[in-house]
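Working notes, structure below.
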Amino acid sequence: MEPTFDGDDDDLQEAVADPPEDLKPSEKKALIDLREMLEEVILSGDLIKPPPPRHHHEGRHRTRVATEGKEEEQSKEEKGEEEVLDPGGVSLWGIPLLPSKKHEGTDVILLKFLRAQEFKAAEALEMLRRTLRWRREFGLDCAKGVCENDEEAAALAEHLRGAAYIAGRDRDGNPVCYNVYGVFKDREVYRRAVGSAERRQRLLRWRVRLMEQGIEQMSLHSGGSATLLHIIDFKDMLRPGLKELRTATREVVAVLQDNYPEFVAKNIFLNVSFRYYAYHALFSPFITPRTRSKFIFARSSKVTETLLKFISAENIPVQYGGLRRENDEEFSEDNGIASEITLKGGTSSIEIPIVEPGVTVVWDVTVVGWEVDYKEEFIPDDEGSYKILIQKERNLEECVRNSFYISEPGKLVLTITNKTYKKKRVLYRSKSKPTIPLYTLPDPLHPTVQSPSGCRRT
């Protein structure tokens with residue numbers, strides 16, 4: 001049986017867990033104060049009720065008196081609506097908000113609102129109430145994060161495939177959300193997404209839906225991954241004729257800032273122009289140090305290098321210099337960990353020994369900063385066998401994935417030549433899988449057997 005409370009703050013504090021140890025004394029006090037205020041408004045049924053209007057003039061006071069009956073009637077309706085709610089069932093993102101329920105995720109949610117309001121308990125409570133009211137008006141189920149008009153958002157997602165998506169996790173276990181503005185180069189996609197006010201509203205609903213999906217992948221408990229890593233690719237963003245897109249972007253940012261506090265660990269901006277650098281430098285003195293620390297900027301030549309500080313190569317999409325491929329059937333979390341070597345000026349090789357024949361070897365290679373030559377070959381252990389050139393030397397400008405059937409013991413050799421004096425980071429991985437070679441069925445008139453395709457002998 002759950003405990004009941006008579007409104008005594010001491011009883012409440014005995015029933016809930018102690019504040020996290022990593023908080024300062026003033027922050028612990030703010031959390032305790034917010035718990036007490038939240039418990040009170042939930043039990044009284046006033047959590048989502050809008051605040052009374054403020055009147056500053058006598059004339060407005062007369063108007064209020066004249067309409068007092070109507071307001072009182074509306075208030076009763078609202079109160080009646082709140083009274084049917086089970087206080088213990090009030091939740092947000094699947095987390096019960098009633099502190100006395102002692103859910104391990106409640107403090108995680110409350111601390112997000114407190115941090116957004118500089119640990120001012122009253123302001124944090126009001127922000128939480130505004131968020132709950134907004135979710136009701138927007139048509140979001142407060143517990144599950146499901147939109148009433150989810151079908152519209154799902155339909156739009158088909159047209160905006162690649163514009164924003166969640167893929168992989170960062171080094172701290174947080175889901176990674178990519179926002180790619182280059183998708184809007186397609187004029188038809190642009191028109192469907194932001195061509196009118198109604199379409200921009202659908203875009204907002206789609207983006208909120210994506211945010212809710214990201215939260216579903218979080219662990220909203222003490223010590224869990226409770227934030228997103230945001231990647232914003234500004235490539236092609238500064239082209240002329242994008243007024244509607246910029247308007248829609250501002251609307252999305254405003255909604256996420258107001259209703260999803262402290263859900264972003266970092267904002268990493270890719271392919272940033274010098275003009276954007278200058279703009280940020282101009283206004284950064286007016287931003288709090290906490291907020292400023294969440295912004296990371298990377299020019300086009302530093303994209304992969306920057307992402308690797310926060311995300312492993314296996315979780316960075318190939319278009320950003322990583323090894324992650326959509327719906328990858330070859331590598332997974334179990335067999336997809338990459339190895340790394342540092343290549344100075346000159347030539348170096350990666351050797352993959354093959355002891356047991358009858359396997360197909362699959363490998364990925366990527367180089368941070370590119371500007372290298374690359375070659376693939378298979379060298380048999382038997383000195384009487386031919387060396388097989390798999391890929392002739394070429395300039396490497398993108399992540400490589402290749403495979404080769406091995407019919408005899410030997411080694412796969414990947415040769416990389418660094419044409420600069422800068423050190424290069426080479427990331428690679430490989431796997432072998434048993435394979436039955438496919439042979440061409442012999443012609444009855446010409447009974448010869450052909451070797452597996454893909455082998456060029458040198």
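For this structure, a couple of remarks:
- Only one of the listed residues (Leu242, Leu220, Leu229) is under 20 Å from Pro317 (Cα atoms) and surrounded by 14 or more Cβ atoms within 10 Å (Cβ to Cβ). That residue is Leu229.
- Within the stretch 185-217, the set of residues being under 22 Å from Pro317 (Cα atoms) and part of a loop (DSSP other than H, G, I, E, B) comprises Asp186, Gln217.
- Within the stretch 326-436, strands (runs of 3 or more DSSP E) holding 1 or more residues that are surrounded by fewer than 15 Cβ atoms within 10 Å (Cβ to Cβ): 339-343, 346-354, 372-380, 388-396, 424-434
- The stretch 29-51, residues that are over 18 Å from Ser100 (Cβ atoms) and within 30 Å of the chain's Cα centre (by Cα): Ala30, Ile48
- Members of the stretch 375-415 that are in contact with a helix residue (DSSP H, G or I) (Cβ under 9 Å, 6 or more places away or on another chain) and under 19 Å from Thr435 (Cβ atoms): Arg401
- Here Leu308 meets each of (1) open to solvent by less than 20 Å² (accessible area, probe 1.4 Å); (2) at pLDDT 90 or above; (3) closer than 26 Å to Phe184 by Cβ with one exception, condition (3).
- Just one of the listed residues (Gly94, Gly145) is open to solvent by less than 40 Å² (accessible area, probe 1.4 Å) and modelled with pLDDT under 95, and it is Gly145.
- Screening the candidates Leu203, Leu140, Leu229 for the property of being under 18 Å from Phe263 (Cα atoms) and modelled with pLDDT of 90 or more yields one hit, Leu229.
- For the stretch 177-217, filtering for residues that are open to solvent by 30 Å² or more (accessible area, probe 1.4 Å) and within 27 Å of Pro240 (Cα to Cα) leaves 16.
One line per residue, one yes/no per condition, for (1) over 29 Å from Ala164 (Cα atoms); (2) of a type in the set (A, V, I, L, M); (3) in contact with a Ser or Thr (Cβ under 9 Å, 6 or more places away or on another chain):
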| residue | (1), (2), (3) |
| --- | --- |
| Lys302 | no, no, no |
| Gly321 | no, no, yes |
| Ser332 | no, no, no |
| Asn335 | no, no, no |
| Gly345 | yes, no, yes |
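- So Gly182, is it without any contact (Cβ under 8 Å) to a residue 60 or more places away in the chain and in a helix (DSSP H, G or I): yes
The values are calculated or read from the model by the stated rules, or taken from the named source; none is laboratory data. Everything numeric here is computed off the predicted structure, so don't read it as measured data. Cβ atoms come from the backbone with ideal geometry, glycine included; neighbour counts cover every protein chain shown. Remember, those area values only see protein heavy atoms, side chains included, never the ligands or the DNA or RNA. Shrake-Rupley method; radii C 1.70, N 1.55, O 1.52, S 1.80 Å.
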